[in-house]
1. Using modelled amide H (1.01 Å from N, peptide plane; none on Pro or chain starts), what sits under 5 Å from the amide H of Tyr4, excluding residues fewer than 5 places away?
2. Given the peptides 31-40, 17-26, arrange them by the average over their residues of other C-beta atoms within 10 Å, most packed first.
3. Amide H neighbours of Glu13 under 5 Å, at least 5 residues apart or on other chains, H built in the peptide plane: list them.
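The numbers here are math on the coordinates, done by the rules we state, and not lab data. On a predicted model such as this, the values are computed, not experimentally measured, just so you know. When we count neighbours, we look across all protein chains shown, and the Cβ atoms used for this are built from the backbone with ideal geometry, even at glycine.
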Amino acid sequence: MPKYVYKCDQCEEHFEVYHGMSENQEGCIYCRALSPHRVPQMPFLKLRETSKGGKVGDETKAAIEANRAVLEEAKKQRKKEFYDDN
Ligand SMILES: [Zn+2]
C-alpha cells in the first residue's frame, strides 16, 4: 500500500498513513479533526538530493579509483625494481 503524508490544519501535526490509491484519510490521527490535507511528496527534491549525493559519490569513487591505479602502478614499479635487482 502506498504511504501518504498528511498535515492537519487543526493541530498542525504531520502523519503518515498507508492506504489505497483511491482512499483518503478521513480524520487527523491526533485530534480527529476532519479532512487533514495530503502533503504532496516532492520527488524532485529527493531526486535532486540523490543526484547530488550520487555526484559526490561518483567523485569519491573516481578519486578512490585513481588512487588505486596510482598504488597499483607504484606496486608494479616496485615489483619490477625488485626483480630487476635480482
Ligand atoms: Zn489534528
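1. HN-HN under 5 Å from Tyr4: Val17, Tyr18, His19.
2. 31-40, 17-26
3. Amide H neighbours of Glu13, under 5 Å, 5+ apart: Cys8.
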